[in-house]
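The numbers here are math on the coordinates, done by the rules we state, and not lab data. Bear in mind that the values here come from a model prediction, so they are computed numbers and not experimental data. For neighbour counting, all protein chains shown are included, and Cβ atoms are generated from backbone atoms with ideal geometry for every residue, glycine included.
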Amino acid sequence: MKRTSVGGQAVIEGVMMRSPKGYAVAVRKPDKEIVIEKKELTALTEKYPVLKLPLLRGIVTFIDSMVIGIRTLSYSAQFFDIEEAEPSKFEKYLDNKFGSKKLEDFIIGFTIFFAFVLGIALFMVTPLLISRLFKNFTESKWLLNLFEGLIRIIIFLSYIYLVSKMKDIRRVFEYHGAEHKTINCFEQEEELTIENVKKYSRLHKSCGTSFLFIVVLVSVITFIIFNVENFWLRLVSRVVLVPLIAGISYELIRWARRSKSKAAQMISIPGMWLQKVFTTREPDDDQIEVAIAALKGVLEDEEDH
């Protein structure tokens, strides 16, 4: 079949694989059966070609990935014994007023908004506030920005470390490794079998972990360059420059994936190290089988198109 680009994400006891035309999420149920859900997609960049421009495409792709990620996580969770609270009166009202589909879209939108606000507060605003403690030692805004950047890196690494220690998350990270191995096998044009997939690395240059770390590094450089004296302007810049930082980071990781240069390899090293140490684990055969099912599912739809 015609070669296509694929990406993915680990979900609860499963893997989601995505192509330009749609996605497939495969989940292994408690009874060991593998179930697959497929959805067709029309990317915003296809609807509005202007969004394909550099920087803009990175912002759109990031938001699009968050929406699909939350939707597929929700799908995978429904197969497991997760105690659900009784719907509130407000939830019942929204369900009756708008229907379950619009309610789901509302919840996804609110989740993304909340995650965005929390991320800004934790990784952008908090380092700025902590760096102000160093004002007693230096008045240099350049040094304060450097301290802020180092604090941001420490917070990010601490967050990744703490998450990786959660027992349930370790299972997700094993599926994360299965996702990468399967994509690496596909990109080398080998047959998608468990034995073939097992040979490949659980690391991948285009991993979301690598992207997030590049975002952190780019933010350090950006805030050093956009150096302002007024504290409130500095605070506002930590919010309004986030889309620009995301756009630049996307272009960097896109270039690093395609380039064979030493510079591209250097850019990829931190993210690959984070994957190796924290966010991926070696999967077992059953997990690889799920990842293969998801990738074959999305490739079948690509072939139909």
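Data for the structure
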quantity	calculated
Exposure proxy order (Cβ contacts within 10 Å, fewest to most) of E189, E300	E189, E300
Per-residue ³J(HN,Hα) for the range 108-118, Karplus 6.51 cos²θ - 1.76 cosθ + 1.60, θ = phi - 60°, Hz, x for Gly and Pro	4, x, 5, 4, 5, 4, 5, 5, 5, 4, 5
HN-Hα J in Hz across the range 242-254 - Karplus 6.51, -1.76, 1.60, θ = phi - 60°, x for Gly and Pro	4, x, 4, 4, 5, x, 5, 5, 4, 5, 5, 6, 5
Given charges at Cβ of Lys, Arg, Asp, Glu: the range 7-304 dipole, positive-most of A115, T72, L41	A115
Whole-number percent relative contact order across the chain, with pairs defined as alpha carbons under 8 Å at least 6 apart	29 percent
Pairwise label distance in nanometres, I130 with K38, each label 7 Å out on the Cα-Cβ vector	4.7 nm
Under Karplus coefficients 6.51, -1.76 and 1.60, residue-wise ³J(HN,Hα) of the range 278-283 in Hz, glycine/proline x	10, 9, 10, 9, 5, x
Which of D284, D168, D64 has the fewest Cβ neighbours within 10 Å, and the rest in rising order	D168, D284, D64
Residue-span extension gain [L55 to F231] - 0.36 nm each, minus C-alpha spacing	60.6 nm
Relative contact order (%) - criterion: Cα under 8 Å, at least six apart; region: the range 115-232	29 percent
Electrostatic dipole magnitude of the chain [Cβ: Lys, Arg +1; Asp, Glu -1; Cα centre; debye, to 20]	1340 debye
Ranked I225, I248, I59, criterion: other C-beta atoms within 10 Å, fewest first	I225, I59, I248
